[in-house]
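*Asks:* I'd like to ask some things about the structure below.
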């Protein structure tokens with residue numbers, strides 16, 4: 001089995017996450033894309049993060065129609081700051097995978113901060129790291145030591161982000177079509193991000 005881990009806050013999950021996940025899964029011929037919502041991301045402001053149950057519910061609504069997508073609550077169950085190295089090791093063990101069969105997908109915005117991640121060198125030795133380039137990214141901003149150990153993957157350039165969605169909702173603007181319909185309905189019903 002060959003799997004790819006796709007971590008994030010997913011606050012909220014949006015069509016960009018799904019399109020990137022499906023594109024990478026097809027390009028790399030992964031058996032599973034495992035979406036892993038963080039309990040507390042170490043590099044984000046906690047005050048702007050929705051409750052775990054809401055993020056999990058929205059992600060389930062996004063993923064339940066695709067048998068190649070899976071949701072893992074491994075970081076949620078830890079109930080502490082989510083460190084990628086711990087997640088990779090736990091899922092490698094759970095699925096009995098070696099380094100050549102487990103990948104970690106990150107956006108190029110995360111790659112800019114990757115040198116600050118806990119045990120980032122060990123992440124590079126425990127799995128293969130794929131990077132989805134975001135608009136405006138320049139690889140010259142990354143050390144050659146890291147660049148030599150990651151691989152960029154071609155994904156559609158989708159100009160939508162969770163922060164943009166939250167801001168639009170705060171301003172009373174629609175986010176329909178930026179999130180799957182079921183997520184849009186859930187956000188409206190729960191009055192999220194107001």
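A short reminder: the numbers here are calculations on the coordinates, not readings from a lab. Every value quoted in this text rests on a predicted model; they were computed, and no experiment measured them. Note that we place each Cβ from the backbone using ideal geometry, even for glycine, and neighbour counts take in every protein chain shown.
*Asks:* May I ask you to order 146-152, 9-15 by the average number of other C-beta atoms within 10 Å around their residues, highest value first?
*Replies:* Put in order of decreasing packing, that is 9-15, 146-152.
*Asks:* Further, regarding this structure: Points 7 angstrom from Cα along the Cβ direction at residue 29 and residue 160: gap in nanometres?
*Replies:* 3.0
*Asks:* Here is a follow-up. Can you give the relative contact order of the range 3-158 as a percent, counting alpha carbon pairs under 8 Å and 6+ residues apart?
*Replies:* Result for the range 3-158 is 24 percent.
*Asks:* Give me 161, 72 ranked fewest to most by other Cβ atoms within 10 Å of their Cβ, as a rough exposure proxy.
*Replies:* Fewest-to-most Cβ neighbours within 10 Å comes out as 161, 72.
*Asks:* If one takes the longest principal axis of the Cα atoms in the chain, at what angle in degrees, from 0 to 90 and to the nearest 10, does the Cα axis of helix 52-63 lie?
*Replies:* Helix 52-63 sits at roughly 80 degrees to that axis.
*Asks:* Compute the Cα gyration tensor for the range 3-158, then decide on rounded, prolate or oblate, letting a ≥ b ≥ c be the square roots of its eigenvalues: rounded whenever a/c is under 1.5, prolate when a/b is larger than b/c in the other cases, and oblate in all that remain.
*Replies:* Taking the square roots of the gyration eigenvalues as a ≥ b ≥ c, the range 3-158 is rounded.
*Asks:* Please provide three numbers in whole Å: the alpha-carbon extents of the range 132-194 along the principal axes, with the largest listed first.
*Replies:* 47, 20, 16
*Asks:* Taking other Cβ within 10 Å of each residue's Cβ, how do 134, 99 sort, fewest first?
*Replies:* Ranked by crowding around the Cβ, least crowded first: 99, 134.
*Asks:* Follow-up. If we count other beta carbons within 10 Å of each Cβ, what is the order of 27, 71, 63, fewest first? Spell out each step's value before the answer.
*Replies:* Working: 27 12, 71 16, 63 21.
The fewest-first ordering by Cβ neighbours comes to 27, 71, 63.
*Asks:* Can you give me the angle between helix 84-95 and the longest principal axis of the chain, using Cα atoms only, in degrees from 0 to 90, rounded to the nearest 10?
*Replies:* 80
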